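Reviewing the structure listed below.
Readers should treat all values here as calculations from the given coordinates under stated rules, not as data from a laboratory. Predicted model only: the values in this text are computed from it and were never measured. Here the Cβ is made from the backbone with ideal geometry for all residues, glycine too, and neighbour counts use every protein chain on show.
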Amino acid sequence: MEHIPVLLTEVLAGLNLRSGLTVVDCTLGGGGHAAAIARSVGARGRVIAFDQDPCAREYARQALTQNTNIELIQENFCSLAGALAARQINSADGFLFDLGVSSFQLDDPARGFSWRQDCALDMRMDPANPLTAAEIVNQYSQTALADIIYQYGEERQARRVARNICLARAKTQITSSGQLKAIILRSVSGSYAARTAAISRVFQALRIAVNQELAILDAALSAAAGLLRPGGRIAVISFHSLEDRIVKNTFRRLKTQGVLELVAKKPLTAGAAERENNPRARSAKLRLGAKNAG
Ligand SMILES: C[S@@+](CC[C@H](N)C(=O)[O-])C[C@H]1O[C@@H](n2cnc3c(N)ncnc32)[C@H](O)[C@@H]1O
């Protein structure tokens, strides 16, 4: 499925784009946002795009063919400041974080992100990451598994799921999403819809743990805010409450410290038409901050 950039109009307006600006897209993905930002800042402007997934370059290639003012950096945005400094970039006019996985990653069975396809339990955005979902499921203690499922998936029946994972893996290694899905389905109670939602939550929890998605977010947002030029904007799109809570709290702290102003108190969400056309947009929340003039 094509990756449709979420809340694109709101992001372009929120970043206050104009010709000649330098903008860092911290999550290139399929390049939809980056290409539109590149058009807005024009040939005199510059877009620097990060993605830890080497495939993003490939995914983004088509979207980016028209744009010569985009530079790609294949790194985790947790090293934002260092990677930019290494390229003599010490400030920027805008930063975008569009968190989570892209449709291209979700749809590729070899990446193991989706429980809807039977695939190997991988879930790494960066293939050089030594930790896979299979490693967590087969090696972590029952307590550690339950904590991950509870904290990162907000799954109330986390202890039962963790216990059943440990019982199952004592008989045979759990290597596929199909095996894990079957374990979750027999661990949780409720309607089929409720049990399916539990599968989503457990898979989300494993993905967050594999990629350490929440652990790096506060520091990365703070680094971006530090690199923003006065009046510059930072835009963050999150897709679940755990992410949004971190964004909200980090923005509040940066406001208290006099670094950022909140552009709006409440996050922006997609309108009816976008929600209809793009299922990913339904859970998206966009928060915007503006760097204080100093
Ligand atoms: C939701 S997609 C971005 C989609 C993009 N905005 C577009 O319009 O196509 C998120 C992308 O960010 C990347 N990503 C997520 N966390 C990252 C991190 N910590 N460092 C670098 N890239 C990351 C993922 O690999 C994925 O390609």
Taking the chain as the region of interest, what is the percent of Cα-Cα pairs per 10 angstrom bin, listed from the shortest bin to the one with the maximum distance?
6, 27, 33, 22, 10, 2, 0
Per q in 0.12, 0.14, 0.18 Å⁻¹, report the Debye log10 I(q)/I(0) for segment 152-290, using one uniform scatterer on each alpha carbon and no solvent.
-0.64, -0.79, -1.03
With 0.36 nm assigned to each residue of separation and the Cα-Cα distance removed, Arg245 to Gln117 gains 43.1 nm
Hey, quick one: spin label on Glu58, modelled 7 Å out along Cα-Cβ, who in segment 27-41 has an amide N within reach, i.e. under 17 Å?
28-31
Aspartates and glutamates whose Cα lies under 15 Å from that of Lys181, excluding same-chain neighbours fewer than 8 positions away
Asp118, Asp122, Glu155
Nearest-20 debye value, segment 137-241 charge dipole, Cβ charges on Lys, Arg, Asp, Glu:
400 debye
Could you work out the Rg to Rh ratio of segment 110-211, with Rh taken as the Kirkwood radius (inverse of the mean 1/r over all Cα pairs)?
0.92
Using the crude model of +1 on Lys and Arg Cβ and -1 on Asp and Glu Cβ, and no other charge, please compute the dipole size for segment 215-278 relative to its Cα centre, in debye to 20.
300 debye
For the chain, size of Cβ-based charge dipole, Lys and Arg +1, Asp and Glu -1, in debye:
840 debye
Charge dipole (the chain, unit charges on Cβ, about Cα centre) - positive-most of Asn16, Met125, Thr196
Thr196
What full-extension length gain, to one decimal in nm, is calculated for Asp218 and Ile4 as 0.36 nm per residue of separation minus the Cα-Cα distance?
74.4 nm
Return the percentage of antiparallel bridges among DSSP beta bridges fully within the chain, rounded to the nearest 5 %.
40 percent
Amide H contacts under 5 Å for Arg46, restricted to residues at least 5 apart in sequence or on another chain and with H modeled in the peptide plane, are Leu21, Thr22, Val23
